[in-house]
């Protein structure tokens, strides 16, 4: 990707917008944080962050008229944490319809066996599928997770899974839409490698 | 598998890391960024910054240091101290902190926990509980930052632990005051007892003096994370050394 390419972070109203911007700064890449449809449409890379509550953020995206805008993007799109969950058909969190860009339903985690919810802390990836987003990363890389809902495993879109009681999808992809359940912006060198891979993805499908 | 977390806690006043008796005799230990990155490089999984900047007239303290840290640090961090409202929390989170931790203000106004969880999500709302061992059992103490104001909050620790979870706390730091600062080990009995009533991540605090204490608290009290201050600041235990010993004891940690 050339240095004049636009990386746009959608202002989803969550609280981790600054962290995501700083992580790209550390890679020497400037980002634009915006809710403007025109800027999002003209981007070379789009990040959909999300922290908080699924229905609150979907309501905001709806109100801003961004649902069809995100759906029409042809450039690489990366959903982070709740941003990843919103790419799916829907979420059990508040029975919220999603963007429908990745097939499946987000469900509440019920790990049992004395495991705490939310799943909070550093965990690893398993069953990695060959995907450019994960170049140079393997089972020995650690990522920071914080979530109480999760995506099921799917032959169609799971790129890597993570174990917490049961296995869930921690990296997903359908067409040009990628999602990561963890926070690459707070996952040390491994997270920074993933973001750098995202910047290196071919620009169009 | 999810790793057990090691969390150093740094006291911050006016943007500098300090140590000393809380609210008295503070010595500047060093620059906040230098210390934060040093702990990160040594393997800290997360950092807690306890802002003890005095704000006697209730004015907002300068928190410019949070954005400075957020720019550089690539691991999560939490800010504690002086967060009394949704607005305070918003400023801290927007500056780049992952989590905010509240203690005395939650005791004054328990609905604050719900307000914060609704606005920002439970995952960033940490509730700190200072628990004392008394003849009446485990009791929550309030205003522990200031010895002249410290008092019984009128609550049993178990009741408060359950209430804060019901109100939306996403993580609980249980600071066992009898063991705090003594470096004779975490209060395993108390942590074990309360763990069974805690369904959100539980962080042990107070008493760490050696690697063995961390092994014990993870093995026996099944906590998700262990927080410590003086044992790391004094240099008597390095996080990299601690993690080697935890791995040797078959406790999963991030390298």
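Residue A:179: touching a helix residue (DSSP H, G or I) at 6+ places or on another chain (Cβ under 6 Å), touching a residue at least 40 places away in the same chain (Cβ under 8 Å) and in a strand (DSSP E or B), yes or no?
Values: touching a helix residue (DSSP H, G or I) at 6+ places or on another chain (Cβ under 6 Å): yes; touching a residue at least 40 places away in the same chain (Cβ under 8 Å): yes; in a strand (DSSP E or B): yes.
Taking the combined requirement at face value, the residue satisfies it.
Tell me, please, whether a residue that is farther than 17 Å from residue A:145 by Cβ, crowded, with 18+ Cβ neighbours inside 10 Å and in contact with a strand residue (DSSP E or B) (Cβ under 8 Å, 6 or more places away or on another chain) can be found in the range A:102-117. The answer is yes, given that some residue of the range A:102-117 is farther than 17 Å from residue A:145 by Cβ, crowded, with 18+ Cβ neighbours inside 10 Å and in contact with a strand residue (DSSP E or B) (Cβ under 8 Å, 6 or more places away or on another chain). Report whether or not residue B:117 is more than 19 Å from residue B:10 (Cα to Cα), within 13 Å of chain A (Cβ to nearest Cβ) and part of a loop (DSSP other than H, G, I, E, B). No; evaluated as a whole, the condition is false for this residue.
Considering the range A:135-146, the residues that are touching a helix residue (DSSP H, G or I) at 6+ places or on another chain (Cβ under 7 Å) and more than 8 Å from chain B (Cβ to nearest Cβ) include one that is surrounded by the most Cβ atoms within 10 Å (Cβ to Cβ), namely A:143.
In the set (1) part of a helix (DSSP H, G or I); (2) away from chain A (no Cβ under 14 Å), residue B:165 fails one condition alone, (2). Is it fair to say residue B:143 is over 30 Å from residue A:139 (Cβ atoms), buried (at least 19 other Cβ atoms within 10 Å of the Cβ) and either out of contact with any helix residue (DSSP H, G or I) (no Cβ under 8 Å at 6 or more places or on another chain) or away from chain A (no Cβ under 14 Å) (or both)? No.
In the set B:191, B:227, B:246, which member is within 14 Å of chain A (Cβ to nearest Cβ), within 24 Å of residue B:1 (Cα to Cα) and within 14 Å of the chain's Cα centre (by Cα)?
Exactly one residue qualifies, and that residue is B:227.
Out of the residues in the range A:1-60 that are part of a helix (DSSP H, G or I) and away from chain B (no Cβ under 12 Å), state the one that is surrounded by the most Cβ atoms within 10 Å (Cβ to Cβ). Here the residue is A:40.
Out of curiosity, is residue A:165 more than 12 Å from the chain's Cα centre (by Cα) and under 17 Å from residue A:23 (Cα atoms)? No: the conditions fail for residue A:165. Which ones in the range B:222-255 are at pLDDT 95 or above and assigned to a helix (DSSP H, G or I)? Residues satisfying the conditions are B:239, B:240, B:241, B:242, B:243, B:244, B:245, B:246, B:247, B:248.
Taken as a whole, the range B:85-101 holds at least one residue that is surrounded by fewer than 17 Cβ atoms within 10 Å (Cβ to Cβ) and not in a helix (DSSP H, G or I). If the condition is being in a loop (DSSP other than H, G, I, E, B) and surrounded by 18 or more Cβ atoms within 10 Å (Cβ to Cβ), then the range B:186-221 contributes B:186, B:187, B:198, B:200, B:201, B:206, B:207, B:208, B:209.
Elements of the type strands (runs of 3 or more DSSP E) sitting completely within the range A:67-129 and holding at least 2 residues that are away from every other protein chain (no Cβ under 14 Å) and closer than 26 Å to residue B:126 by Cβ: these cover A:102-108. Condition test on residue A:194, is it in a helix (DSSP H, G or I), within 29 Å of residue B:224 (Cβ to Cβ), more than 10 Å from every other protein chain (Cβ to nearest Cβ) and in contact with a strand residue (DSSP E or B) (Cβ under 8 Å, 6 or more places away or on another chain)? Criteria met by residue A:194.
If you go through the range A:166-177 one residue at a time, do you hit one that is within 11 Å of another protein chain (Cβ to nearest Cβ), closer than 24 Å to residue A:118 by Cβ and either touching a strand residue (DSSP E or B) at 6+ places or on another chain (Cβ under 9 Å) or surrounded by 24 or more Cβ atoms within 10 Å (Cβ to Cβ) (or both)? Within the range A:166-177, none of the residues are within 11 Å of another protein chain (Cβ to nearest Cβ), closer than 24 Å to residue A:118 by Cβ and either touching a strand residue (DSSP E or B) at 6+ places or on another chain (Cβ under 9 Å) or surrounded by 24 or more Cβ atoms within 10 Å (Cβ to Cβ) (or both).
So, in the range B:143-170, exactly how many residues are touching a residue at least 24 places away in the same chain (Cβ under 8 Å) and at positive phi? Give the steps one after another, and end with the answer.
Looking only at the range B:143-170, we keep the residues that are touching a residue at least 24 places away in the same chain (Cβ under 8 Å), and these are B:143-147, B:153, B:155, B:157-158, B:160-165, B:167-170.
Now narrow it down to the ones that are at positive phi: B:143, B:168.
The qualifying residues number 2.
When B:112, B:116 are screened for being modelled with pLDDT of 90 or more, within 19 Å of residue B:201 (Cβ to Cβ) and touching a helix residue (DSSP H, G or I) at 6+ places or on another chain (Cβ under 7 Å), only B:116 passes.
The values are calculated or read from the model by the stated rules, or taken from the named source; none is laboratory data. This one's a predicted model, so the numbers in the text were calculated from it and none came from an experiment. For neighbour counting, all protein chains shown are included, and Cβ atoms are generated from backbone atoms with ideal geometry for every residue, glycine included.
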